[in-house]
Amino acid sequence: AFQFDLRTVSQFSCKFSLFLIYISMQLSSWILVLVSVIRVIKTVLPLRYPKTKIRVTRKNTLTVFCIVVIALCIINFHFFITNGVITEDGEASCTSLTPDFRNFDEYVFVYIDFLMMSVFPAIIIIVCNIFIYLVLKNMKQRRASTTSTDKVTSDSVSRVTRMLFVTSSYFVISTAPISLHFIVDSYVRPGSDDLTQAKLDMSFTVLYLFQFSHFVINFYCYTVTNKRFRRSVKKLKDEVKNRITRHGGLASDSHDVNSSAERSKNQSMDAVSKSHY
């Protein structure tokens, strides 16, 4: 059962699985980029350029997101051409179809993937965070002369920015190693001995799992750095607890009513029995 490989079921399953894996990893990076850019638009532009007409709406956010998805689909579409199921010595494998395609996958696309998943998103996120930091620094310097409303706004922006710093930093830390591993593997694995290949396989497994740790730790980063999120979770927990308690109380009251009715019925039957005697 553990030898079953879903990718070798058909040509489409092989091509689509590779396409889906790479586009999902890259898209997760660019979603974080979009969050950073939106934070800059909502934080920096209104303060430095009050007359700007750029606004973040659901429509233009969805439009930009669709553009990013289409661009990533174009970049990764080559998997439907370069990869497929090949059977050698009775064993099927999902791999590059020709030596030229293999050279492209191993020595060209690994750099494209590294740029799209780690380098470009990291550069944009760092630049956005620098802009936000400079704006917050100026706001803190003017706190003494601002109103309480401005202070509340500044505190809110600071919390969101700290959350953004933590999540974006960990994302870069978790995605860069696996991308670098693909590059190193392309040059080291060909012609290597069994021990070296075993080390590369172990490195891939560890770094691949470490990359996905972002999606787990991201949740805890939100809870630690975002007070509003923690309050919402606490409120939700209290509401669930109150509903459970309320339903438990209703069940208890219903049981008490039934018990009282049963006692009254028994007393009436006893009275009737005594009257016959």
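May I ask you to compute the full-extension gain from Lys42 to Lys227, defined as 0.36 nm times their residue separation minus their alpha-carbon distance, rounded to one decimal in nm?
64.6 nm
For region 1-45, which chymotrypsin sites (Phe, Trp or Tyr not before Pro) are in a loop by DSSP, counting at most 12 other Cβ atoms within 10 Å?
Phe2, Phe4
What distance in nm lies between label points placed 7 Å from Cα along the C-beta direction at Thr205 and Glu91?
Reported label-point gap for Thr205 and Glu91 is 1.7 nm.
With r as the distance between the Cβ atoms of Thr245 and Ile173 and R0 = 45 Å, compute the FRET efficiency 1/(1 + (r/R0)^6) and round to 0.05.
Given R0 = 45 Å and the Cβ-Cβ separation, E is 0.55.
Give a residue-ordered list of calculated ³J(HN,Hα) values for region 19-33 (Karplus: 6.51 cos²θ - 1.76 cosθ + 1.60, θ = phi - 60°; whole Hz; x for Gly, Pro).
Those phi angles translate into 4, 5, 4, 6, 5, 5, 5, 5, 5, 4, 5, 6, 5, 5, 4 Hz.
Counting other C-beta atoms within 10 Å, which of Arg58, Arg230, Arg7 has the fewest, and how do the rest follow?
Working: Arg58 7, Arg230 13, Arg7 20.
The fewest-first ordering by Cβ neighbours comes to Arg58, Arg230, Arg7.
What spacing in nm lies between the two simple spin-label points modelled at Gln197 and Phe80, each 7 Å away from Cα in the Cβ direction?
So the label points at Gln197 and Phe80 sit 3.3 nm apart.
Rule-based calculations on the coordinates, nothing more; no lab input. None of the values given here were measured: they were computed from a predicted structure. Cβ sites come from the backbone with ideal geometry, for glycine too, and all protein chains shown count toward neighbours.
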